[in-house]
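Below is one structure, written out as C-alpha coordinates; comments come after it.
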Amino acid sequence: MDARRLQYLKALDIDVWRRREGAEPVVESVPIRAAVTIAAVAGETAANPDWTALESAVRGCTLCALSESRTQTVFGVGDRTAQWMVIGEAPGADEDREGEPFVGRAGQLLTSMLKAMGLEREQVFIANILKCRPPGNRDPKPEEVAHCMPYLKQQIELVNPRLILCVGRIAAQSLLETDTPIGKLRGQLHRLPGTERPVVVTYHPAYLLRSPGEKRKAWADLVFAMNTAEGLAPSA
Ligand code: URA
(Lines give C-alpha, C1' and ligand atoms only; values in the text may rest on other atoms or scores of the structure.)
Protein backbone atom coordinates (compact mmCIF):
# COMPACT_ATOMS: atom_id res chain seq x y z
CA MET A 1 0.00 0.00 0.00
CA ASP A 2 1.48 3.35 -0.91
CA ALA A 3 2.55 5.73 1.82
CA ARG A 4 0.02 8.38 0.99
CA ARG A 5 -2.97 6.01 1.20
CA LEU A 6 -1.59 4.62 4.45
CA GLN A 7 -1.45 8.15 5.76
CA TYR A 8 -5.08 8.81 4.76
CA LEU A 9 -6.24 5.58 6.40
CA LYS A 10 -4.40 6.56 9.55
CA ALA A 11 -6.10 9.96 9.36
CA LEU A 12 -9.41 8.09 9.31
CA ASP A 13 -8.26 6.22 12.42
CA ILE A 14 -8.35 2.98 10.51
CA ASP A 15 -5.66 0.56 11.65
CA VAL A 16 -3.92 -1.05 8.77
CA TRP A 17 -2.97 -4.59 9.60
CA ARG A 18 0.06 -6.06 7.99
CA ARG A 19 0.06 -9.59 6.70
CA ARG A 20 1.94 -12.11 8.83
CA GLU A 21 3.90 -14.84 7.07
CA GLY A 22 1.39 -17.48 6.03
CA ALA A 23 -1.61 -15.53 7.29
CA GLU A 24 -4.76 -14.86 5.31
CA PRO A 25 -4.75 -11.60 3.41
CA VAL A 26 -6.30 -8.73 5.29
CA VAL A 27 -7.35 -5.20 4.46
CA GLU A 28 -3.83 -4.08 3.72
CA SER A 29 -3.50 -6.58 0.91
CA VAL A 30 -6.70 -5.63 -0.87
CA PRO A 31 -5.72 -4.24 -4.22
CA ILE A 32 -6.55 -0.60 -4.39
CA ARG A 33 -6.13 -0.66 -8.14
CA ALA A 34 -9.31 1.21 -8.53
CA ALA A 35 -7.51 4.13 -7.06
CA VAL A 36 -9.57 5.15 -9.96
CA THR A 37 -7.78 8.36 -10.34
CA ILE A 38 -10.07 8.65 -13.26
CA ALA A 39 -8.98 12.07 -14.28
CA ALA A 40 -11.73 14.58 -14.58
CA VAL A 41 -12.68 14.68 -18.18
CA ALA A 42 -12.12 18.06 -19.68
CA GLY A 43 -14.93 20.09 -21.17
CA GLU A 44 -17.00 20.95 -18.10
CA THR A 45 -20.53 21.61 -19.08
CA ALA A 46 -21.18 24.87 -17.29
CA ALA A 47 -23.10 26.11 -20.28
CA ASN A 48 -25.05 22.88 -20.73
CA PRO A 49 -28.70 23.92 -21.02
CA ASP A 50 -29.88 20.81 -19.18
CA TRP A 51 -27.76 21.68 -16.16
CA THR A 52 -28.72 25.33 -16.32
CA ALA A 53 -32.45 24.51 -16.39
CA LEU A 54 -32.09 21.98 -13.60
CA GLU A 55 -30.13 24.36 -11.39
CA SER A 56 -32.69 27.04 -11.89
CA ALA A 57 -35.59 24.65 -11.18
CA VAL A 58 -33.94 23.56 -7.92
CA ARG A 59 -33.11 27.13 -6.91
CA GLY A 60 -36.72 28.21 -7.34
CA CYS A 61 -38.34 25.05 -5.99
CA THR A 62 -41.32 25.52 -3.66
CA LEU A 63 -42.75 22.00 -3.93
CA CYS A 64 -42.51 21.40 -0.19
CA ALA A 65 -42.45 23.40 3.02
CA LEU A 66 -38.66 23.14 3.32
CA SER A 67 -38.50 25.99 0.83
CA GLU A 68 -39.85 28.26 3.58
CA SER A 69 -37.18 27.43 6.15
CA ARG A 70 -34.10 27.02 3.95
CA THR A 71 -31.42 29.68 3.64
CA GLN A 72 -30.70 28.42 0.16
CA THR A 73 -30.93 25.24 -1.88
CA VAL A 74 -27.92 22.92 -1.98
CA PHE A 75 -27.74 21.70 -5.54
CA GLY A 76 -24.65 19.52 -5.54
CA VAL A 77 -21.02 20.03 -6.39
CA GLY A 78 -18.17 18.48 -8.28
CA ASP A 79 -17.24 17.10 -11.65
CA ARG A 80 -20.34 16.93 -13.80
CA THR A 81 -18.74 14.22 -15.89
CA ALA A 82 -17.49 12.21 -12.89
CA GLN A 83 -17.18 8.44 -12.83
CA TRP A 84 -18.25 8.48 -9.17
CA MET A 85 -21.28 10.08 -7.64
CA VAL A 86 -21.69 10.33 -3.87
CA ILE A 87 -25.21 10.70 -2.53
CA GLY A 88 -26.03 11.75 1.01
CA GLU A 89 -29.20 12.53 2.88
CA ALA A 90 -29.83 16.26 3.13
CA PRO A 91 -28.03 19.52 3.89
CA GLY A 92 -27.29 20.31 7.52
CA ALA A 93 -26.77 23.75 9.04
CA ASP A 94 -23.32 24.26 7.49
CA GLU A 95 -24.49 23.19 4.06
CA ASP A 96 -27.62 25.35 4.27
CA ARG A 97 -25.41 28.33 5.08
CA GLU A 98 -22.74 27.66 2.46
CA GLY A 99 -24.88 26.20 -0.32
CA GLU A 100 -22.58 23.22 -0.79
CA PRO A 101 -23.09 19.60 0.31
CA PHE A 102 -20.86 17.96 2.90
CA VAL A 103 -18.90 20.98 4.13
CA GLY A 104 -19.28 20.36 7.89
CA ARG A 105 -17.43 17.80 10.03
CA ALA A 106 -19.10 14.90 8.27
CA GLY A 107 -18.06 16.48 4.99
CA GLN A 108 -14.45 16.63 6.12
CA LEU A 109 -14.57 12.94 6.91
CA LEU A 110 -16.16 12.23 3.54
CA THR A 111 -13.30 14.12 1.87
CA SER A 112 -10.80 11.96 3.80
CA MET A 113 -12.65 8.80 2.80
CA LEU A 114 -12.47 9.85 -0.84
CA LYS A 115 -8.78 10.65 -0.49
CA ALA A 116 -8.17 7.20 0.96
CA MET A 117 -9.76 5.88 -2.24
CA GLY A 118 -7.36 7.95 -4.31
CA LEU A 119 -10.02 10.47 -5.26
CA GLU A 120 -10.04 14.21 -4.76
CA ARG A 121 -13.37 15.71 -3.78
CA GLU A 122 -13.38 17.64 -7.07
CA GLN A 123 -13.20 14.39 -9.05
CA VAL A 124 -16.60 13.14 -7.90
CA PHE A 125 -20.06 14.67 -8.01
CA ILE A 126 -21.63 15.04 -4.56
CA ALA A 127 -25.36 15.53 -4.03
CA ASN A 128 -28.09 14.77 -1.53
CA ILE A 129 -31.52 13.19 -1.66
CA LEU A 130 -32.95 16.51 -0.43
CA LYS A 131 -31.79 19.88 -1.72
CA CYS A 132 -33.07 21.79 1.32
CA ARG A 133 -32.25 21.44 5.00
CA PRO A 134 -34.90 19.80 7.17
CA PRO A 135 -35.28 21.99 10.28
CA GLY A 136 -33.26 20.74 13.24
CA ASN A 137 -31.73 18.11 10.94
CA ARG A 138 -34.75 15.86 11.35
CA ASP A 139 -35.17 12.93 8.97
CA PRO A 140 -36.63 13.79 5.59
CA LYS A 141 -40.37 13.18 5.27
CA PRO A 142 -41.54 10.79 2.55
CA GLU A 143 -43.31 13.57 0.67
CA GLU A 144 -40.13 15.69 0.73
CA VAL A 145 -38.17 12.79 -0.71
CA ALA A 146 -40.86 12.23 -3.34
CA HIS A 147 -40.75 15.87 -4.46
CA CYS A 148 -36.96 16.10 -4.50
CA MET A 149 -36.05 12.72 -6.00
CA PRO A 150 -36.74 13.73 -9.63
CA TYR A 151 -34.05 16.44 -9.32
CA LEU A 152 -31.53 13.88 -8.11
CA LYS A 153 -32.55 11.41 -10.82
CA GLN A 154 -31.91 14.08 -13.45
CA GLN A 155 -28.52 14.82 -11.92
CA ILE A 156 -27.66 11.13 -12.07
CA GLU A 157 -28.68 10.97 -15.73
CA LEU A 158 -26.64 14.05 -16.57
CA VAL A 159 -23.52 12.99 -14.69
CA ASN A 160 -23.87 9.40 -15.90
CA PRO A 161 -21.48 8.02 -13.25
CA ARG A 162 -19.93 4.60 -13.42
CA LEU A 163 -20.90 3.98 -9.82
CA ILE A 164 -23.03 5.64 -7.17
CA LEU A 165 -21.78 5.55 -3.59
CA CYS A 166 -24.71 6.05 -1.29
CA VAL A 167 -23.83 7.14 2.24
CA GLY A 168 -26.17 6.43 5.12
CA ARG A 169 -29.39 4.60 5.77
CA ILE A 170 -31.76 7.32 4.68
CA ALA A 171 -29.98 8.01 1.41
CA ALA A 172 -29.72 4.29 0.66
CA GLN A 173 -33.29 3.41 1.53
CA SER A 174 -34.66 6.41 -0.37
CA LEU A 175 -32.58 5.81 -3.47
CA LEU A 176 -33.09 2.06 -3.54
CA GLU A 177 -36.77 2.31 -2.56
CA THR A 178 -36.46 -0.19 0.24
CA ASP A 179 -36.71 -0.37 4.00
CA THR A 180 -33.98 -2.98 4.33
CA PRO A 181 -31.61 -2.02 7.18
CA ILE A 182 -28.30 -0.51 6.12
CA GLY A 183 -26.38 -3.41 7.64
CA LYS A 184 -27.97 -5.64 5.02
CA LEU A 185 -27.58 -3.19 2.16
CA ARG A 186 -23.80 -2.94 2.65
CA GLY A 187 -21.44 -5.28 0.82
CA GLN A 188 -23.70 -5.84 -2.19
CA LEU A 189 -24.00 -4.37 -5.62
CA HIS A 190 -27.41 -2.75 -6.07
CA ARG A 191 -29.00 -1.21 -9.12
CA LEU A 192 -30.80 2.10 -9.14
CA PRO A 193 -34.44 1.06 -9.46
CA GLY A 194 -35.59 0.96 -13.05
CA THR A 195 -32.03 1.17 -14.38
CA GLU A 196 -28.83 -0.86 -14.56
CA ARG A 197 -26.91 1.85 -12.72
CA PRO A 198 -24.66 0.34 -10.02
CA VAL A 199 -25.08 1.53 -6.45
CA VAL A 200 -22.94 0.65 -3.42
CA VAL A 201 -23.95 1.54 0.12
CA THR A 202 -21.84 2.51 3.11
CA TYR A 203 -22.28 4.25 6.43
CA HIS A 204 -22.85 7.98 6.67
CA PRO A 205 -19.72 9.89 7.74
CA ALA A 206 -21.74 11.55 10.53
CA TYR A 207 -22.49 8.08 11.90
CA LEU A 208 -18.79 7.20 11.61
CA LEU A 209 -17.93 10.29 13.64
CA ARG A 210 -20.25 9.02 16.38
CA SER A 211 -19.16 5.39 16.00
CA PRO A 212 -15.50 5.42 14.96
CA GLY A 213 -15.31 1.67 15.59
CA GLU A 214 -17.35 1.20 12.41
CA LYS A 215 -14.78 2.90 10.19
CA ARG A 216 -13.16 -0.41 9.40
CA LYS A 217 -16.44 -1.68 7.96
CA ALA A 218 -16.82 1.54 5.99
CA TRP A 219 -13.35 1.07 4.57
CA ALA A 220 -14.29 -2.47 3.52
CA ASP A 221 -17.31 -0.95 1.72
CA LEU A 222 -15.08 1.55 -0.05
CA VAL A 223 -12.71 -1.20 -1.14
CA PHE A 224 -15.73 -3.14 -2.41
CA ALA A 225 -16.89 -0.04 -4.29
CA MET A 226 -13.45 0.51 -5.83
CA ASN A 227 -13.12 -3.08 -6.93
CA THR A 228 -16.67 -3.04 -8.28
CA ALA A 229 -16.04 0.17 -10.21
CA GLU A 230 -12.90 -1.28 -11.66
CA GLY A 231 -14.77 -4.28 -12.97
CA LEU A 232 -17.47 -2.18 -14.62
CA ALA A 233 -17.31 -0.80 -18.07
CA PRO A 234 -16.84 2.97 -18.11
CA SER A 235 -20.16 4.73 -18.42
CA ALA A 236 -20.91 5.43 -22.06
N1 URA B 1 -25.07 15.12 5.61
C2 URA B 1 -25.59 14.82 4.41
O3 URA B 1 -26.18 13.76 4.21
N4 URA B 1 -25.42 15.69 3.44
C5 URA B 1 -24.76 16.82 3.59
O6 URA B 1 -24.63 17.57 2.62
C7 URA B 1 -24.21 17.10 4.84
C8 URA B 1 -24.38 16.25 5.86
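A compact table of results
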{"read-out": "Within the range 183-236, tally of residues that are hydrophobic (A, V, I, L, M, F, W, C), farther than 30 Å from Asn137 by Cα and open to solvent by less than 50 Å² (accessible area, probe 1.4 Å)", "value": "3"}
{"read-out": "In the range 210-226, the residues that are under 14 Å from the mean Cα position of the chain (by Cα), farther than 14 Å from Leu109 by Cβ and small (Gly, Ala, Ser)", "value": "Ala225"}
{"read-out": "Close pairs from the range 154-171: first without any contact (Cβ under 8 Å) to a residue 40 or more places away in the chain, partner within 16 Å of the ligand (Cβ to nearest atom), Cβ under 6 Å, at least 6 apart", "value": "Arg169/Ile182"}
{"read-out": "Enumeration of residues in the range 160-179 that are away from the ligand (no atom under 16 Å from the Cβ) and open to solvent by 10 Å² or more (accessible area, probe 1.4 Å)", "value": "Asn160, Arg162, Glu177, Thr178, Asp179"}
{"read-out": "Where a residue in the range 190-207 is within 12 Å of Gln173 (Cα to Cα) and its partner, wherever it lies, is assigned to a loop (DSSP other than H, G, I, E, B) and basic (Lys, Arg), with Cβ under 7 Å and at least six apart", "value": "Val201/Arg186; Thr202/Arg186"}
{"read-out": "Sole exception among (1) more than 26 Å from Thr81 (Cα to Cα); (2) touching a residue at least 60 places away in the same chain (Cβ under 8 Å); (3) within 13 Å of the ligand (Cβ to nearest atom) for Asn137, by number", "value": "(2)"}
{"read-out": "Enumeration of residues in the range 88-130 that are near the ligand (Cβ under 9 Å from one of its atoms) and polar (S, T, N, Q)", "value": "Asn128"}
{"read-out": "Residue in the range 173-188 that is over 27 Å from Ala65 (Cβ atoms), touching a residue at least 60 places away in the same chain (Cβ under 8 Å) and not basic (Lys, Arg) present", "value": "no"}
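The values are calculated or read from the model by the stated rules, or taken from the named source; none is laboratory data. In this text the structure is predicted, and so the values were computed from the model without any measurement. A quick note on method: Cβ atoms are made from the backbone with ideal geometry, for glycine too, and the neighbour counts reach across all protein chains shown. The protein model used for the area step is the full one, side chains on, heavy atoms only, and it has no ligands, DNA or RNA in it. Shrake-Rupley method; radii C 1.70, N 1.55, O 1.52, S 1.80 Å.
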